[in-house]
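A.B. asks: The following block contains the structure, expressed as structure tokens.
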Amino acid sequence: MGKLVRDKIPDLIRLDGRAPHVIALTDQDYRNALSQKLRQEVDELLAADGKIAVLGEVADILEVLSAIVVEHGATLGSAIEVARDKREQRGGFKIRLWLESPDTTEELTSR
């Protein structure tokens, strides 16, 4: 039933009078656990209701993403720079476009 937890969680459990059993993961197990954690956090974001809940889940996702990029020898800042470059080259999602087909000549319509 184990799961990847933030570094201070075992201490918080101890303060609650319990005795957590924790292990340090190997590199590959850590990468796998980060992938599982990201999926978990995305599911929680999709289920979140309201601004505060959404922001909390986005913060959790950012923490996991930060750990993933660090594990690959980069930083969240460098990932944000790559995202900025991609946005400049390909755009963002600001105008909410939905591509029905790449081969149509129909005009933009609201969905």
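A.B. asks: Could you give every pair whose Cβ atoms fall below 6 Å, whose first residue belongs to the range 79-98 and is over 22 Å from Leu65 (Cα atoms) and loosely packed, with under 11 Cβ neighbours inside 10 Å, and whose second residue is at pLDDT 95 or above and of a type in the set (Asp, Glu), counting only separations of at least 6 or pairs across chains?
C.D. replies: none
A.B. asks: In the range 24-51, which residues are among the β-branched types (Val, Ile, Thr) and more than 21 Å from Ile9 (Cβ to Cβ)?
C.D. replies: The answer is none; no residue qualifies.
A.B. asks: Listed residues Ala48, Ala67; which is touching a Gly at 6+ places or on another chain (Cβ under 9 Å), surrounded by 13 or more Cβ atoms within 10 Å (Cβ to Cβ) and modelled with pLDDT of 95 or more?
C.D. replies: Checking each option against the conditions leaves just Ala48.
A.B. asks: For Ala33, state whether it is under 15 Å from the mean Cα position of the chain (by Cα) and either of a type outside the set (A, V, I, L, M, F, W, C) or modelled with pLDDT of 95 or more (or both).
C.D. replies: Working: under 15 Å from the mean Cα position of the chain (by Cα): yes; either of a type outside the set (A, V, I, L, M, F, W, C) or modelled with pLDDT of 95 or more (or both): yes.
Considered against the rule, which asks whether it is under 15 Å from the mean Cα position of the chain (by Cα) and either of a type outside the set (A, V, I, L, M, F, W, C) or modelled with pLDDT of 95 or more (or both), Ala33 comes out as yes.
A.B. asks: Now for a separate question. What are the residues in the range 15-65 that are assigned to a helix (DSSP H, G or I), under 19 Å from Met1 (Cβ atoms) and charged (D, E, K, R), if any?
C.D. replies: Within the range 15-65, Asp29, Lys37, Arg39, Glu41, Asp43, Glu44 qualify.
A.B. asks: Pairs, please: C-beta under 6 Å, at least 6 apart or cross-chain, first residue loosely packed, with under 12 Cβ neighbours inside 10 Å and in the range 1-14, second of a type outside the set (A, V, I, L, M)?
C.D. replies: none
The values are calculated or read from the model by the stated rules, or taken from the named source; none is laboratory data. Here the structure is a predicted model, which is why all the values come from computation and not from measurement. FYI the Cβ positions are ideal-geometry reconstructions off the backbone, even for glycines, and counts take in every protein chain you see.
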